[in-house]
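Here is the structure we will look at, set down as structure tokens.
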Amino acid sequence: MPHPFSHSSVEDSRISPFPADASPLQILGHSGIFDAFYYLKSNPDLHTLGTAVLRHYHQHGWREGRKPNPFFDPHWYLSQNRDVIGDPLLHYILHGEREGRRPIAWFDPVWYARTYHVPERMLALAHYLKNRHNTPLRPIPEFDPDFYLRAYPDVAKAGLDALEHYMVQGFREARKPFDGFDPLYYRRKYLRHSPDSNPLLHYLENRGRPDIHPCSPETEISVFGEIKRRSKPGPLFEKARPLPRSAIRRARILAYYLPQFHTIPENDAWWGEGFTEWTNLPRGIPRFSDHYQPRIPRDLGHYTLNTPEILERQATMAQAAGIEGFIFYFYWFNRKRLLDQPLEILLSNPQIDLPFCLMWANENWSRRWDGSDDDLLIAQDYRSEDDEALVDCFARYLRDARYIHFDGRPVLMVYRPGTIPDAPAAFVRWRTLFRTRHGLDPLFVMGQAFGDENPDLFGLDGAIEFPPHKVVSNCNLINDEITLFDNDFSGQVYDYGEVVDKALAQPRTPFPLIRTAAPSWDNDARRQGKGLVLHGSTPELYERWLSGLIEQAQSRTFFGDPVVCINAWNEWAEGAYLEPDQHFGSAYLNATARACTGAGKNRSRSGILLIGHDAFPAGAQRLLLETGRTLTHCFGAEIQFLLLDGGALLDEYRNVAPTEIVTVDSKTPTARLEHLRRQGFQSAILNSAASSALAPHLAEADIGFLFLIHELPGLLRSRNLHTPMEKACTLARHVIAPAQSVAKRLDLEALNNLKILPQGLYTEAPFSLQERLTIRREMGLGTADRIIIGAGYADLRKGFDLFLQLWRKMQGAAHCVWLGDIDPSLKNNLHVELNGALSSGTFHMPGRVDNVPAWLAVADVFALTSREDPYPSVVLEALAAGLPCVAFEETGGIPELLQQIDSETDHRNSIVPFADIPAMANAAHKLATWSSERSNRERQKAARAAAQRFSFRHYAQELLSLALPAIPKISVVIPSHNYAHYMSRRLSSIFAQTVPVFEIIVLDDASDDNSLEIARQTAKDWDREITCIENTIPSGSVFKQWHKAVRIARGDWIWIAEADDFCEPEFLERILDGIKNKPAVVMAFTDSRAVDEDGAPIFPSYRAYYSESAGLLMENDSHFTGESFLRGCLSERNLVLNVSSALFRKKHLLTAINGCQTDLKTLRVAGDWRIYLELLTQKNVEVIYLAQPLNVHRRHGDSVTHTLSRRNHIDEIAYMHRLLTSRLALPETHISRQKCYCAMLEQQFGLAPHNNSEKVLPLS
């Protein structure tokens, strides 16, 4: 077995720097690793030796265990290397480092030499000792000083060396040497009998053993581990993503609601003082491995249902997830009401927007929580003398305006009709009482439970499912497959996935049925090891169940409506709830929303994974966050964040999109990525080399990715990222660098997949004269004072020490301001000089500020003093604030950018030799003079030009095009005139598309209603970008609006989506599938279904109408040449009945509209037909038709077709017949059919046959 601290040798090129005849003392003295100051400080008994310390060490010190520097332990070295005789330091210098031997357990010379640039003839240890206080260096890969200082700010504030602190004190205080190391776990597991041992050293010595882990592995399970895991956000945790009110809901969704969250005297007597459902909850504990217990509420907490506020919050939360209302459990026992307070609060507060209905929970209450007759607490007796009181009690709620109705009738549910004596007769009596006493005719619906499933047997109108009742009857128990913690466990465990499969496969019933999905079920909190568990629920599986039921409900309506139910909203003690919890957050609510709108069923295959290394508030992390925000807001892309670690920005990430933290170990990431790919995430953006460890997993999961590099060589070396970066470059679809100079520094120029894409500016930084004057006044400065500004985390990489030198060189000619926090160790090293600068009155450090643009407005010049900085966003902000910039050459992409700007504009910037402070001071002085002499108007002009140059929308769109090359740029234009009533639904159906679109333009034709107001509000509700263009004078022609739409659209394809229509979510995606790899296609359209002005169905499809003219040509998906489509489908009548159903290649459509302008001035109905003729007679063009009705055509009296006179309508059709005959040389058979069609219309319109002497439209 190899020694735990052995290593392959350092490269042979590292030749000894010492002459062959050098003495041992000369070798020791010139090695760079004997620290005389350290030796004397560590050994005060030797303070009188003076220059003889080196001789003392060589002759005596090493034998006495005295250390020549903090990173060489002579006794440890000898114990690890039994072959060494004599001075161990001398051996290390001459042989040991070259042979890969460590000077101390926590310095690895081989890894260090490969990671950092160590000059030839210099020892790796000497390089580290010389530079460790000035540069972020790691002596071993297992210790992360950056993490340590971030995690323990007291160490950073004290200016202590991270590794030294850990090795001396930190390990005793159970501090972590790196993220992912749990010292408490490690001590308990491996050092129980050696409590004073350093756990990191033990780990370094034993990490090769398969039983050694730095923290508790996921495979190591226990009750306590399960509780800990389930009590915090898990990998599938989501923040709430509320549905906009305008989102199109595919079904009426109800949820069962438990009111037992307030105290009542009866429960106090039966269960103890203060009992509510929350009392049961802590009794639920994990009884077996992966058992989801405990269940801990999150957003609403352990609420009490005794005020309107909680009901209002629940109502808002439910509606935002697509849930229409609640089914309240109703407790009535022989004229006695229980748990009625929430319902009474609801009735007393009509402002609470919460539709509801009742389910009479008509079972006995027993101590067993199962409605049995054993150990009764209160019984149902069904006394006939109580009938009137019962009906009167129900009627009081049924009359509420919010009560839920189907087919105009209130619905009243009864949980267990089988317990009612002579139930059919009882329901007849109650129906009569409802009619005679209250004029009500409720729909009676039974719960399917305890073997009772058919409502006909009880004289009821329908049934509602109540899982897990019924759905587990044909499922297999998995008790033999689980690993028990509780050997007394006797519950029933079913696989949730199997339950979903069996539930969706159930046949249609002959009676009306509301089907029900359960997000989960686990009543361990009530039954404590004796309950029923649906094990393995995830938001995705639940969404599949609910989506499947909604799909079935489209054709299996309940009294005319698609209706589904969820069990339940808040059955916490039964593990059946949608309210947010600590582990999943709002993931189940979000899944409900997706199922409701069809977003889950129609999940895009164009999803993009945005992958980052963590959520720390720094440049690359903010860039990824803003990229995601822009992709969703501007283009509607479906994204998900994957992070390798958390951080302060985690909540912001979750506000934008689902965010998951993955661990790069073994096969786990690959399996998760493969699953995400099956969900439609087929592309990814890998942000920064720090995330490159995930690249092989992406490749293995067959997810193509873009690789964005934000690092330069120094940072790559310091973090040991060069090898994974190179691997990622070979696997990536494209490698993206912000500038050619950055690619050159990284030796990427030869890559065939290299793309240069300068990043955009994601923050607005306009120049504000008001803020300039205000902050200057607060600083006590006047308008003539010159200010040079720098920004960033003040460390050596950012060149803060150089900025300090710049201030000194300015000699008071300008004030210098640095924005941002300072590295504690650098602050400690520079404290004397820094204190002097701050006390001078001309050096200012306001720290980390929120209003960076305001401070940039204050300044006259921006100085980038970074030693290495690929493409810092703060420079873009400075330029967008109108500032000139000065930077060192060869430090990243900014010098190249500044040169481009100087060559293309009259703006001034300067690039000076690297680290040449006098040159920078001279340049900064000149730029500040020029800048301060400009007018405010000139500076604002420069600022606007820079902001336009750095458009973040453009940057994100370029990334989108590279990530999804198969998705073309689609412009959606919505022509509208007084269509306020339909605008919200139109836009919602566009926002719900499963592919991203390039732009959405609302083209308003001088509406005098509030169309544009509704359009803007709908876009705001969906957090989507739209552009509104308003005519001040009506154009008078819809085809003028079409022409305008095509002229202003910037996409390659255009969808003219008329404001009164809407469509299915997959409309665009299906069309794009159809036109893929068909470059000659200029038009693609789908079948449509028709609805009236209120959205009620008229026709499910137009295919029957198509067949009257085109026979079977449009019965199935078809691909036509332009001429064949004109002859077969457009020669008799226009079968493209609604332009909203079509996508056009913009260039060809513009040519077509330009070519028939004369006709479009007179045609009001047939103008679209005329345009299609012009479009499809162009050379070598083709048409795609999809037979699925993905468009929804609204037919109403306000449309042009319905307002044109019938005679003019026929005249326009006759004109098109003559034009088609002329242009296509149609045969007599086609002409005869045209005449028959006109005759049919004349008869249909009640018009006399056309007199040939009457005026007809001439051919143009």
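The values are calculated or read from the model by the stated rules, or taken from the named source; none is laboratory data. Remember, it's a predicted structure, so these values are computed and weren't measured experimentally. In this analysis, Cβ positions are derived from the backbone assuming ideal geometry, glycine residues included, and neighbour counts consider all displayed protein chains.
Please find, within the range 457-501, the residue that is surrounded by the fewest Cβ atoms within 10 Å (Cβ to Cβ) out of those that are in contact with a Phe, Trp or Tyr (Cβ under 6 Å, 6 or more places away or on another chain) and closer than 14 Å to Gly418 by Cα. The extreme case among them is Gly459.
Any residue that is assigned to a helix (DSSP H, G or I), of a type in the set (Phe, Trp, Tyr) and assigned by TED's automatic domain parsing to the domain that holds Pro442 - is there at least one of those in the range 273-288?
Within the range 273-288 (the criterion being assigned to a helix (DSSP H, G or I), of a type in the set (Phe, Trp, Tyr) and assigned by TED's automatic domain parsing to the domain that holds Pro442), the answer is yes, since at least one residue qualifies.
Taking first residues from the range 112-131 that are farther than 17 Å from His95 by Cα and partners that are part of a helix (DSSP H, G or I) and of a type in the set (S, T, N, Q), the Cβ contacts under 8 Å between residues at least 6 apart in sequence or on separate chains come to Thr115/Ser718; Tyr116/Ser718. Residues that are charged (D, E, K, R) and under 21 Å from Thr135 (Cα atoms) within the range 794-828 comprise Asp795, Arg797, Lys798, Asp801, Asp821, Asp823, Lys827, listed in sequence order.
Among the residues of the range 511-533, which ones are over 29 Å from Asp456 (Cβ atoms), crowded, with 23+ Cβ neighbours inside 10 Å and either outside the structural domain of Thr483 (by TED's automatic domain parsing) or over 26 Å from the mean Cα position of the chain (by Cα) (or both)?
If the condition is that a residue be over 29 Å from Asp456 (Cβ atoms), crowded, with 23+ Cβ neighbours inside 10 Å and either outside the structural domain of Thr483 (by TED's automatic domain parsing) or over 26 Å from the mean Cα position of the chain (by Cα) (or both), then Asp522, Asp524, Ala525, Gly531, Val533 are the ones that fit.
Only one of the numbered conditions (1) modelled with pLDDT of 95 or more; (2) out of contact with any helix residue (DSSP H, G or I) (no Cβ under 9 Å at 6 or more places or on another chain) is violated by Glu626, and that is (2).
One residue alone among Arg188, Arg209, Arg229 is farther than 30 Å from Ser825 by Cα, part of a loop (DSSP other than H, G, I, E, B) and either basic (Lys, Arg) or touching a Lys or Arg at 6+ places or on another chain (Cβ under 8 Å) (or both), and that residue is Arg209. Among the numbered conditions (1) of a type outside the set (A, V, I, L, M, F, W, C); (2) more than 14 Å from Ala880 (Cβ to Cβ); (3) at pLDDT below 90, the only one that Pro913 does not meet is (3). Whenever a residue of the range 918-934 is over 15 Å from Trp807 (Cα atoms), its partners that are among the charged types (D, E, K, R) and part of a helix (DSSP H, G or I), lying with C-beta atoms within less than 9 angstrom and at least six residues away or across chains, give the pairs Ser931/Arg939. Considering Arg949, Arg953, Arg937, the condition of being among the charged types (D, E, K, R), closer than 22 Å to Ile1026 by Cα and surrounded by fewer than 17 Cβ atoms within 10 Å (Cβ to Cβ) is satisfied by Arg953 alone.
Among the residues of the range 165-184, those that are surrounded by 16 or more Cβ atoms within 10 Å (Cβ to Cβ) and not in a loop (DSSP other than H, G, I, E, B) comprise His165, Tyr166, Met167, Gly170, Phe171, Pro183.
Out of Leu715, Leu748, I need the residue that is of a type outside the set (Lys, Arg), in contact (Cβ under 8 Å) with a residue 40 or more places away in the chain and either in a loop (DSSP other than H, G, I, E, B) or closer than 21 Å to Glu868 by Cβ (or both). Which one?
Only one candidate qualifies: Leu715.
Evaluation of Arg867 against the conditions (1) surrounded by fewer than 24 Cβ atoms within 10 Å (Cβ to Cβ); (2) out of contact with any Ser or Thr (no Cβ under 7 Å at 6 or more places or on another chain); (3) closer than 19 Å to Ala915 by Cα shows that the sole unmet condition is (2).
Only residues that are among the hydrophobic types (A, V, I, L, M, F, W, C) and either within 16 Å of Pro109 (Cα to Cα) or assigned to a helix (DSSP H, G or I) (or both) were counted across the range 81-94, and they come to 4. With respect to the conditions (1) of a type outside the set (Phe, Trp, Tyr); (2) surrounded by 15 or more Cβ atoms within 10 Å (Cβ to Cβ); (3) assigned by TED's automatic domain parsing to the domain that holds Arg629, Lys744 lacks only one, and its number is (2). Selection of helices (runs of 4 or more DSSP H) fully inside the range 16-80 by the criterion of at least 2 residues being farther than 25 Å from Ala162 by Cβ and in contact (Cβ under 8 Å) with a residue 24 or more places away in the chain returns 24-30, 53-59. Cβ-Cβ contacts under 7 Å between residues 6 or more apart (or on different chains), taken from a first residue in the range 1074-1102 that is closer than 24 Å to Gly1197 by Cβ to a second residue that is among the small types (Gly, Ala, Ser), are listed as Asp1087/Ser1101; Asp1087/Ala1187; Ser1088/Ser1141; Arg1089/Ser1101; Ile1098/Ala1090; Phe1099/Ala1090; Tyr1102/Ser1088. Ala923: within 30 Å of Leu706 (Cα to Cα) and part of a helix (DSSP H, G or I), yes or no? Spelling it out, it is not the case that Ala923 is within 30 Å of Leu706 (Cα to Cα) and part of a helix (DSSP H, G or I).
Each residue in the range 188-210 was checked for being buried (at least 18 other Cβ atoms within 10 Å of the Cβ) and either of a type in the set (D, E, K, R) or within 18 Å of Glu164 (Cβ to Cβ) (or both), and 4 of them qualify.
When restricted to residues that are assigned to a strand (DSSP E or B) and among the aliphatic types (A, V, I, L, M), the range 451-465 contains 2. Pairing each residue of the range 870-898 that is free of Cβ contacts under 8 Å to residues at least 24 places away in the same chain with any residue that is crowded, with 24+ Cβ neighbours inside 10 Å and in a loop (DSSP other than H, G, I, E, B), provided the two are 6+ apart or on different chains, yields C-beta distances under 8 Å for Leu898/Asn909.
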